[in-house]
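Have a look at the structure below, then the notes.
The values are calculated or read from the model by the stated rules, or taken from the named source; none is laboratory data. The structure displayed is predicted, hence computed values, not measured ones. With ideal geometry, Cβ positions are generated from the backbone for all residues, glycine too; neighbour counts draw on all protein chains shown.
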Amino acid sequence: MNAFDIIENESGRFSSIVIIGHIQPDGDCIGSSLGLKYLLKDNYGLDATVVNQRIERFDFLGTWTLPGNVDYSDAFVIHVDNSTRDRSADVPFIDAPAILKIDHHLVVDSYGTWNVEEIVSSCSEIIARHAIEKGLRIGQDAARALYAGMVTDTGRFAYPSVDSTTFRVAATLLESGFDMPDLISRIQVRSPESVGYMGYVYSSMKISSGGVVWLYVAQDVIDRFGLTPDKVSEALSCMRDIEGHPIQVLFADLDGLIRVEFRSDRIDIVDVARRFGGGGHAFACGARLASPSDIPLVVEALEAYMPKV
Ligand SMILES: [Mn+2]
């Protein structure tokens, strides 16, 4: 079902439209939520409120409301890029009378009244493709936001999730005429602190005896470089480039727990994430640990998935 059919047919019965992303927002979360907001305004004259946590790097794409400021009692909620209800940027959304879930992660929690769940490269790709199939007008602001989501969630169109449809959708977005090189340079720009952190990552990451690349970013490091959670995750882009080591895992102190992010080059490791209470995609997933003493257990569990040579 086309997501815009659902919005067209159902949203008018409610006093507001609210678009929400997941906690610790990334480019796809911000891009898909703002891109959808612009599409609704340009094509239907609908004003939607976007709710996300702040992520400075994407401020140039638009404005949104911070969690905790929205009344959901008569809201039509569109939740984007979020697999499970507990990962929402604004958990009280679940009490809204109407929820449209649009997501591209493995399906574990169909929390919507309507669920548009497609396993493709990004949530932005779903929204853009539905808009194209529906014949909607895609203005430069919408195209730029959706393209930002696509380009960041695919590692610049390099991940295995990219297929020919991804490029067809991206091509249509480019036809709107937004300044693509300017967008890419805004996304790629790094602060001096961020470059310092990359230096730390390259000199501190480890390769276990079984070949898994891992790094634990403790609170003192986070403080030293002034890192937000999404900045911490940028370590993964350094860790995945080591020849012959297709599995990486990043541990970082976060809110009294240890956030774990798993990545692999086409090896299905999501069972390890699930074993430690997490989930996600086959090649990109996450979990939380209560204590650093569990780190060796996670690394050891991943070693069993390394290709045998
Ligand atoms: Mn995404």
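Could you go through segment 64-79 and let me know if any residue there is within 16 Å of the ligand (Cβ to nearest atom) and aliphatic (A, V, I, L, M). Checked against the condition, which is being within 16 Å of the ligand (Cβ to nearest atom) and aliphatic (A, V, I, L, M), segment 64-79 yields at least one hit. Of all the listed residues (Ser185, Ser191, Ser208, Ser203), the sole one being touching a strand residue (DSSP E or B) at 6+ places or on another chain (Cβ under 8 Å) and of a type in the set (S, T, N, Q) is Ser208.
Every residue, every condition in (1) among the acidic types (Asp, Glu); (2) farther than 30 Å from Val221 by Cα, yes or no:
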site: His105; (1), (2): no, yes
site: Glu125; (1), (2): yes, yes
site: Asp141; (1), (2): yes, yes
site: Gly199; (1), (2): no, no
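Looking for whichever is within 15 Å of the ligand (Cβ to nearest atom) and in contact with a Leu (Cβ under 9 Å, 6 or more places away or on another chain) here; the options are Val162, Val151. Which one fits? Walk me through it before giving the result.
Details: Val162 fails: in contact with a Leu (Cβ under 9 Å, 6 or more places away or on another chain).
Selected residue: Val151, the only one of Val162, Val151 that is within 15 Å of the ligand (Cβ to nearest atom) and in contact with a Leu (Cβ under 9 Å, 6 or more places away or on another chain).
Sort out which residues of segment 123-165 are farther than 19 Å from Arg263 by Cβ and hydroxyl-bearing (Ser, Thr, Tyr), and write them in order of number. Across segment 123-165, the qualifying residues are Ser124, Tyr147, Ser164, Thr165. Restricting to segment 257-283, and then to whatever is free of Cβ contacts under 8 Å to residues at least 40 places away in the same chain and among the small types (Gly, Ala, Ser), can you tell me which residue is farthest from Ser122 (Cα to Cα)? Result: Gly277. Annotation: of all residues in segment 26-75 being closer than 23 Å to Ser194 by Cβ and among the acidic types (Asp, Glu), the one that is modelled with the highest pLDDT is Asp28. Contact map, segment 105-124: first residue of a type in the set (A, V, I, L, M, F, W, C), second residue in a strand (DSSP E or B) and more than 16 Å from the ligand (Cβ to nearest atom), Cβ cut-off under 6 Å, separation 6 or more or different chains; pairs are Trp114/Leu100.
When you look at Arg13, is it more than 17 Å from Gly112 (Cβ to Cβ) and more than 15 Å from the ligand (Cβ to nearest atom), yes or no?
Working: more than 17 Å from Gly112 (Cβ to Cβ): no; more than 15 Å from the ligand (Cβ to nearest atom): yes.
So Arg13 does not fit the description; no.
Residues to consider are Ala252, Ala218, Ala235; find the one that is in contact with a strand residue (DSSP E or B) (Cβ under 6 Å, 6 or more places away or on another chain), closer than 23 Å to Gln53 by Cα and surrounded by fewer than 18 Cβ atoms within 10 Å (Cβ to Cβ). From the options Ala252, Ala218, Ala235, the qualifying one is Ala218.
Of all residues being of a type in the set (D, E, K, R) and part of a loop (DSSP other than H, G, I, E, B) in segment 111-159, which is surrounded by the fewest Cβ atoms within 10 Å (Cβ to Cβ)? Just the residue, please. It comes out as Arg137.
Of the residues making up segment 113-148, those that are within 14 Å of the ligand (Cβ to nearest atom), closer than 19 Å to Leu61 by Cβ and aliphatic (A, V, I, L, M) are Ile126, Ile127, Ala128, Ala145, Leu146, Ala148.
The residue that is nearest to Leu302 (Cα to Cα), among those in segment 180-223 that are of a type in the set (D, E, K, R) and touching a residue at least 12 places away in the same chain (Cβ under 8 Å), is Glu193.
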